[in-house]
Each structure stands twice: as C-alpha cells, then as structure tokens.
Amino acid sequence: MSTGKQAAGEAAAELVESGMRLGLGTGSTVAFFLDALAARRLDVAGVPTSEATAARCRELGIRLLDIDETTELDLAVDGADELDQRLQLIKGGGGALLREKVVASLAVRFVVIATVDKLVDRLGASFPLPVEVVPFARRPVHHRLQQRGFEVVERHGDAGPYRTDNGNAILDARFPGGVQDPTVLDIELARMPGVADHGLFVDLATDALLGDDRGGVQQLTNESTIDLST
C-alpha cells in the first residue's frame, strides 16, 4: 500500500499554500506528505506532533512553530489507523495520539491521509484503541477498562514498556465487535482518572484523502466521496 500512502500524501501537499500555519502529523503516510511539501518550497511553518516528525522537518528544511505561540492552525494533516464514513478516527498506533489530538484541535481544517483499507464500517473491530495513561495509573486504568469489557494489553517496545514522547504508557484496548458509540466512549474515557488521552478522534476531521494501490485518491467528506483520480 506504499503507492496509496504516497498518493494520499502528495494530494495533501497540494492543499498547502504559502503563508499557512500547519499541523504536521506522524507516521508512514505523513512521511510522504512531508517529502512532497518540502519539494514545493513554500513559505510555511508547522507544529510537529512528535519528536520524529520534528527531526524529519529539520532534515527537509520545513520551518517549525512553537505550540506555546500558536492558537490556531490553517491546516493539519495526519494519518489514521482506522476511520469510518462519518470521519471518526482511531489513531495512536505510532504512539503520538495526545500531541496529535492537541494539534488537530487547533486546526481550522484537519485532513486525514490514509489508504483505502483504513476505511471501516465500525471502529475498533480489527484495530485496538490506544489509551495513553500516566505510569502511576497503569493498573487502575487497566482494571477499569477490563471492567468495561475491553481486552487490554500494555504496549511494549524493544527495551521494555513503551513510553510516549510525553513519558506515558499506552494500553491497547480491544472491545469485541468494535466501538458501539464513539461519542459516548470518548466522554467516558476522558473522565477516567489517570487517562492522559485516548485514540478516538471524534468530530475533529473535516475530510480525508484515501489512496489506493493504483495511485488513485478519493476525497471523503461527511457528505460525499469524490474521486480525485478522474
């Protein structure tokens, strides 16, 4: 699906205009967007959602913005692990979900870039929901999620328990049959003590660019799907 990722990333780069303040996401599809953006040599600057994205922007010569000096962004571009027809998302497979959600919330327009296989009928049926938790609360939150009916696994890396750029742990929570009501679960998780954030992105995305293995791109909005390949 690298062809689809590249097509989506390059299509998103065409949305950028000189003078824009951008939100710069994280992940393999965003990498294609950053490469295409740098190639256009526009006068833009962006807030990165991870240390990895910040480092790549420095390599490409994309100017960075300090989020402490930013109250609004013209456009944010980021990937998704899953999305549905209503543009509700699951994000966090790369561990940057908290910063990604903060940046997305600042954007006038939030465009999701992904491959067509990421579009699902119900969120969470195949991909677990990442929940970012302060280390002190790992066990209490793990227990509460299990009580809620989730199958929970703490994420690990090569060197032991995984830690985000914020120093937090991630619990990957899977609910049999998927997420029934993203809006309700969004509120419930946000109120759970010890949860820093979670990977449900509800009512944040404005549209999505979905690439396929032939290099075609479809633009998905809440109202319609547009084939940009024709």
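Among the candidates S105, S50, the residue that is of a type in the set (S, T, N, Q) and closer than 19 Å to V202 by Cβ is uniquely S105. Here A137 meets each of (1) assigned by TED's automatic domain parsing to the domain that holds T70; (2) over 14 Å from F201 (Cβ atoms); (3) assigned to a helix (DSSP H, G or I) with one exception, condition (1).
I62 meets all of the listed conditions (1) at pLDDT 95 or above; (2) more than 19 Å from A31 (Cβ to Cβ); (3) more than 18 Å from the chain's Cα centre (by Cα) but one, namely (2). Of all residues in region 25-34, none are more than 13 Å from the chain's Cα centre (by Cα), under 24 Å from V134 (Cβ atoms) and among the β-branched types (V, I, T).
Scanning region 1-26 for residues that are hydroxyl-bearing (S, T, Y) and part of a helix (DSSP H, G or I), we see that the one that is surrounded by the fewest Cβ atoms within 10 Å (Cβ to Cβ) is S2.
Within region 66-103, if we keep just the residues that are farther than 23 Å from A11 by Cβ and aliphatic (A, V, I, L, M), the residue that is surrounded by the fewest Cβ atoms within 10 Å (Cβ to Cβ) turns out to be V102. Being part of a helix (DSSP H, G or I) and within 15 Å of the chain's Cα centre (by Cα) holds for only one residue in A104, A76, A38, and it is A104. Residues in region 205-218 that are surrounded by fewer than 21 Cβ atoms within 10 Å (Cβ to Cβ) and either in the same structural domain as V133 (by TED's automatic domain parsing) or over 25 Å from L106 (Cβ atoms) (or both): D212, D213, R214, G215, G216, Q218. When T29, T49 are checked against the criterion of being surrounded by 19 or more Cβ atoms within 10 Å (Cβ to Cβ), within 27 Å of R214 (Cβ to Cβ) and touching a Gly at 6+ places or on another chain (Cβ under 9 Å), T29 stands alone in meeting it. Residue count for region 157-181 satisfying the condition of being more than 18 Å from F127 (Cα to Cα) and acidic (D, E): 2. Taking the listed residues L185, L171, the one that is within 26 Å of V116 (Cα to Cα) and either in a strand (DSSP E or B) or within 18 Å of the chain's Cα centre (by Cα) (or both) is L185, with no other qualifying. Collect the residues in region 128-153 that are surrounded by fewer than 15 Cβ atoms within 10 Å (Cβ to Cβ) and under 24 Å from Q88 (Cα atoms), keeping them in residue-number order. Hits for region 128-153 are Q146, R148, G149, E151, V153. Take the conditions assigned by TED's automatic domain parsing to the domain that holds D207, surrounded by fewer than 23 Cβ atoms within 10 Å (Cβ to Cβ) and of a type in the set (V, I, T) and apply them to I113. Does it pass? It is false that I113 is assigned by TED's automatic domain parsing to the domain that holds D207, surrounded by fewer than 23 Cβ atoms within 10 Å (Cβ to Cβ) and of a type in the set (V, I, T).
Have a look at A190, A173 and point out the one that is surrounded by 20 or more Cβ atoms within 10 Å (Cβ to Cβ) and under 17 Å from K91 (Cα atoms). The conditions single out A173.
The values are calculated or read from the model by the stated rules, or taken from the named source; none is laboratory data. Only a predicted model underlies this, so the values are computations on that prediction, with no experimental measurement involved. Note that each Cβ is placed from the backbone with ideal geometry, even for glycine, and that neighbours are counted across all protein chains shown.
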